[in-house]
Amino acid sequence: MKAAAYARYSSDNQREESIEAQLRAIKEYCVKNNIQLVKIYTDEAKSATTDNRPAFLQMIQDSALGLFSAVIVHKLDRFSRDRYDSAFYKRQLKKNGVRLISVLENLDDSPESIILESVLEGMAEYYSRNLAREIMKGMKETALQCKHTGGIPPLGYDVGLDKTYIINEHEARAVRMIFEMYAAGKGYSDIIRAMNDSGFRTKTGRHFGKNSIHEILRNEKYRGIYIYNRTASKEAGKRNHHKSKSEDEIIRIEGGIPRIIDDETWERVQERMKRNKKGVNSAKETYLLSGLIYCGKCGGAMTGNRRHSGTTKNLYVNYECSTRKRTKACNMKSISKDYVENIVIEHLEKNVFSPEAIEKLVKKISEYAASRNVEINRDIKLFTDQLAGVQTEINNIVNAIAAGMFHPSMKEKMDELETKKANLTIKLEEAKLQAQTHAPTEDMIRKYLQKDADIRNKSPEEQKRIIQTYVKKIIVYDDKVDIDTIVTFDGGADGT
Ligand SMILES: [Zn+2]
């Protein structure tokens with residue numbers, strides 16, 4: 001596995017490990033766990049309060065490049081300064097398939113911790129959605145006036161002095177031509193040739209390519225819809241913005257900008273794009289069991305494979321023994337993808353997601369979460385006791401004054417106690433909040449598991465995530481399939 005290291009140090013906190021010490025620990029960890037360190041990011045802040053982490057942001061950005069599949073920190077608090085921050089950036093990493101590893105904290109891979117992590121992640125998703133909503137609020141002010149919020153405007157538009165969109169007639173002709181040609185059934189290369197022959201260029205002055213044509217054909221601005229979403233404006237024109245966003249992150253205002261394309265042409269283009277996309281997508285399989293499924297004869301991994309065979313050239317999608325594929329040294333027959341995936345899903349439905357199993361799992365996970373939460377609860381108890389003590393002292397002084405005893409020092413003492421009380425109250429509230437987010441209630445865990453229980457009706461990507469969370473290993477034999485899940489229950493969760 002390839003990983004990047006991240007270390008951060010703020011000079012006003014004397015108790016922190018130096019960057020060198022953090023990196024030393026990370027390197028030791030890598031050697032021990034056979035991890036190849038490919039990149040090192042460090043931030044040295046003048047103060048913990050300055051929000052300046054250039055290397056951190058670079059690391060987040062680089063995580064999209066596929067250079068490393070994990071980021072290793074010495075302690076999790078090096079990764080982020082608070083819960084929101086952490087949820088937000090962890091999600092970014094996860095989207096790019098990059099794991100976060102902490103040298104000191106991530107030593108536990110019990111089934112409970114794996115599932116708890118995924119429950120907490122689900123909650124973090126929720127928090128970061130709220131966070132996104134908060135950020136959006138600020139942007140909304142500008143956006144609701146249908147103004148340009150930054151970056152390069154799309155081809156066909158200029159930005160006026162008041163920041164609203166105005167049509168650039170020359171460019172708009174190019175946009176109309178692209179839409180009309182595509183709607184008429186022309187391919188990308190025909191369109192590109194026609195554009196270049198007519199002397200049209202992209203907004204940045206370059207020749208058209210497939211990506212730029214594709215971006216234009218799916219840009220709803222051309223039918224007059226003002227559309228704003230948080231990330232798309234950052235790097236307009238790049239292809240990796242096809243990820244769908246949740247509705248509440250997007251602002252759409254129909255008729256918000258002058259239109260270039262009529263509805264009929266737009267619809268025809270979208271129809272055709274959808275048809276073409278279907279062709280592409282059906283050629284790509286999501287192998288739900290990859291990395292988990294092994295050959296029972298030779299122990300080799302089984303990998304997904306599609307082929308057309310027989311006289312009718314029917315399509316067969318299978319898992320095949322990789323040893324057999326490579327060397328023919330194993331005679332294991334391949335197994336149908338649909339067949340074996342269905343066995344695994346059925347097994348999960350019966351043994352992990354049955355109502356009885358879920359109840360047991362909920363108990364186990366919440367016990368585990370509670371045990372992890374001991375420290376926070378100890379803090380809560382400590383602060384509650386201290387608070388009670390302070391309150392007693394306050395009461396004593398009040399009673400003394402009421403009884404007619406007064407000394408000038410009482411006023412000073414009283415002020416001191418009130419300050420102490422306020423500080424303790426804040427600390428207590430913080431600890432309680434932490435307890436809530438670190439220890440989900442049984443009900444939250446149950447809801448989360450029940451969501452996964454509906455595995456059969458999920459998208460292939462979701463099915464894969466669920467299987468990869470709950471299944472440890474699948475071994476295929478000639479006459480049976482063994483499934484090892486990370487949790488087992490009485491009544492047989494082992495084997496099928
Ligand atoms: Zn084999």
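Points worth noting:
- Qualifying positions in segment 6-21 - in contact with a helix residue (DSSP H, G or I) (Cβ under 7 Å, 6 or more places away or on another chain) and either at pLDDT 90 or above or of a type in the set (Gly, Ala, Ser) (or both): Tyr6, Ala7
- Residue ID - farthest from the ligand (Cβ to nearest atom), chosen from residues in segment 292-312 that are under 27 Å from Gln463 (Cβ atoms) and free of Cβ contacts under 8 Å to residues at least 12 places away in the same chain: His308
- When Leu131, Leu120 are screened for being touching a Pro at 6+ places or on another chain (Cβ under 8 Å) and at pLDDT below 85, only Leu120 passes.
- So Asn331, is it outside any helix (DSSP H, G or I), within 16 Å of the ligand (Cβ to nearest atom) and either surrounded by 17 or more Cβ atoms within 10 Å (Cβ to Cβ) or within 30 Å of the chain's Cα centre (by Cα) (or both): no
- Residue in segment 51-59 that is more than 18 Å from Tyr89 (Cβ to Cβ) and at pLDDT below 90 present: no
- Looking only at segment 135-185, residues that are over 27 Å from Met273 (Cβ atoms), modelled with pLDDT under 75 and not in a helix (DSSP H, G or I) come to 2 in all.
- Any hit, segment 278-286, residues being in contact with a strand residue (DSSP E or B) (Cβ under 9 Å, 6 or more places away or on another chain), more than 30 Å from Lys221 (Cβ to Cβ), hydrophobic (A, V, I, L, M, F, W, C) and part of a strand (DSSP E or B): no
A quick yes/no check of all residues on (1) away from the ligand (no atom under 16 Å from the Cβ); (2) closer than 30 Å to Lys447 by Cβ:
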| position | (1), (2) |
| --- | --- |
| Asn314 | yes, no |
| Arg324 | no, no |
| Glu341 | yes, yes |
| Val344 | yes, yes |
| Leu348 | yes, yes |
| Pro355 | yes, yes |
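- Segment 346-357, residues that are in a helix (DSSP H, G or I) and either at positive phi or surrounded by 18 or more Cβ atoms within 10 Å (Cβ to Cβ) (or both): His347, Leu348, Asn351, Ala357
The values are calculated or read from the model by the stated rules, or taken from the named source; none is laboratory data. Quantities reported herein were computed from a predicted structural model and do not represent experimental measurements. Reconstructed Cβ throughout: ideal geometry from the backbone, glycine too, with neighbour counts over all protein chains shown.
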